[in-house]
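Report on one structure; see the data block that follows.
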Amino acid sequence: MEERVLLCDADDKEWEGGGGVSEPRSEPTNLTVRLLTSPPPRRADGHYAVAKMATRALPAVVMVGGLFLLGVCLGDLRGAATDSLGVTEDATLNPEDLNLYPIIGILSQELSRSMDNALDPHNYTSYIAASYVKFYESAGARVVPILINQDDEYYQSMAASINGMVFPGGSASITNSSGYGRAGDLMYELLQERDPPVPLMATCLGFEMQMYLAGNRSYPLTSCAASNRADPLYLTPEWEESRLLGEAPADVLETFTSTNATSNFHKYCVLPQTFNSLGIHNDYRLLSTSVDDDGVEYVSTVEHKTLPFYGTQWHPEKNSYEWKFSSIPHTRAAIHAAQYVADHFIEQARANPQTFPTTEEEEAALIYNYSPTYTANLYSSSSFQQCYFFE
């Protein structure tokens, strides 16, 4: 197999030169009006942008409104909703049953060439962009860096101690030829062995590694032109069955599907036909696709059918915390929609009860032991405002 370094963030000049800010594909529209007044948008391969949303959202709105009025009239709103919809108290919503101190592991990776040259001389072996740390902290979690090039016992201990795992974007190899790829491979297997399983969120490069591992380590990527652009999501029929998008509020779905709200920085894509031919569809739902500069449709959001594993080719953490490129969406709606992703993932992590063996081990592992470095102006192609560096 040909070895390639995959660039999922503008962190090398030769990558950055290929990018360009895309023009909006269409004016933002009101999703409800669009669904009621026009035929459902359908793509050539049968995928729907938002075709089934009205059948779910509108009846639900009518039903909830009716139940609300009935509940007010009867003086028992809770009972009316429960009796009519068959809704029972969800134990996971009980604070006593949740882990209110979730810890998320974020995988580090080798420094890019530009980063390495800019910091020279240094003793760093890996880094994590601070935007990922802030993103999950903003949803109520603490963060532990998962270092590369450690022994198996280290990763086994981390998998047994954390409540969620993030494979971030960057510019490393997704195979075992890199520390990022080796650690990701082992952690992917270890997370599935935990009971209950540890939730996983994979972004951009991390998503590509997730697809590589899910496809029995067959190389899944095709070159595409999705550099430095913001796009909507085109939902597939499976989105309604998902936890991530199926539980999303209507305003979040409207932002994702009718505006250029997702930030994309990648040169490689997983095509829908590759997703199916490698058998990834047996374990993962394809929730959405996006389109690159050349009109090529690619997989943009996935979710495991039974495990709390999620993947996005796009960058939800950039909307709030990265500022280098004008294509990154910073509207209130885009930030709100991106924040939903972090909130949903951390809620999944709260259902996991694992802890570090001792308070001392937990405190020693936390990201608070490190200080971020301002990197936005460190070198011209840096895509990160701040990074944590590890020796």
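Odds and ends about this structure:
- Sequence-distant residues sharing a close amide H with S126 (under 5 Å, placed H): F390
- Extent along principal axes [Cα atoms of the stretch 166-306; Å; largest to smallest]: 38, 34, 25
- Put a dot 7 Å past the Cα of S218, heading toward its Cβ, do the same for A250, and the two dots end up 4.2 nm apart.
- In order along the stretch 345-361, the phi-based Karplus estimate (6.51 cos²θ - 1.76 cosθ + 1.60, θ = phi - 60°) of 3J(HN,Hα) comes to 5, 5, 5, 5, 5, 5, 7, 9, x, 4, 9, 5, x, 9, 4, 5, 5 Hz; Gly and Pro are listed as x.
- Rounded accessible area of D120 (nearest 10 Å², 1.4 Å probe): 110 Å²
- A DSSP coil position with no more than 15 other Cβ atoms inside 10 Å describes the following GluC sites (Glu not before Pro) in the stretch 170-253: E247.
- Debye-sum result for the stretch 112-234 in log10 I(q)/I(0), which assumes one identical scatterer on each alpha carbon, at q = 0.17, 0.19 Å⁻¹: -1.02, -1.24
- Per-residue Karplus couplings for the stretch 261-270, computed as 6.51 cos²θ - 1.76 cosθ + 1.60 with θ equal to phi - 60°, are listed in order as 9, 9, 8, 10, 9, 8, 9, 10, 9, 9 Hz, Gly and Pro entered as x.
- Given charges at Cβ of Lys, Arg, Asp, Glu: the stretch 172-239 dipole, positive-most of L233, S173, C204: S173
- The distance linking the stretch 153-191 with the stretch 307-368 is 16 Å (Cα centroid to Cα centroid, whole angstrom).
- Derived scalar couplings ³J(HN,Hα) [the stretch 243-255; Karplus, 6.51 cos²θ - 1.76 cosθ + 1.60; whole Hz; x for Gly, Pro]: 7, 5, 8, x, 9, 6, x, 4, 5, 5, 4, 4, 5
- Amide H to amide H distances under 5 Å link Y284 with K305, where only residues 5 or more positions off or on other chains count and H is placed in the peptide plane.
- Here the simple spin-label model places points 7 Å from the Cα toward Cβ, and for I335 and D120 these points are separated by 3.9 nm.
- Label-zone membership for the stretch 97-139, site E362, 7 angstrom Cα→C-beta point, backbone N under 12 Å: 99-104
- Scaled radius of gyration (Cα, divided by 2.2 N^0.38 Å) that the stretch 259-326 gives: 1.21
- Considering every alpha-carbon pair of the stretch 326-391, the percent of pairs per 5 Å bin, from zero through the bin containing the longest distance, is 3, 12, 11, 13, 19, 20, 12, 7, 2.
The values are calculated or read from the model by the stated rules, or taken from the named source; none is laboratory data. All values reported here derive from a predicted model rather than from experimental measurement. With ideal geometry, Cβ positions are generated from the backbone for all residues, glycine too; neighbour counts draw on all protein chains shown. To get the accessible areas, we keep the full protein, side chains included, count just its heavy atoms, and leave off ligands, DNA and RNA. Shrake-Rupley method; radii C 1.70, N 1.55, O 1.52, S 1.80 Å.
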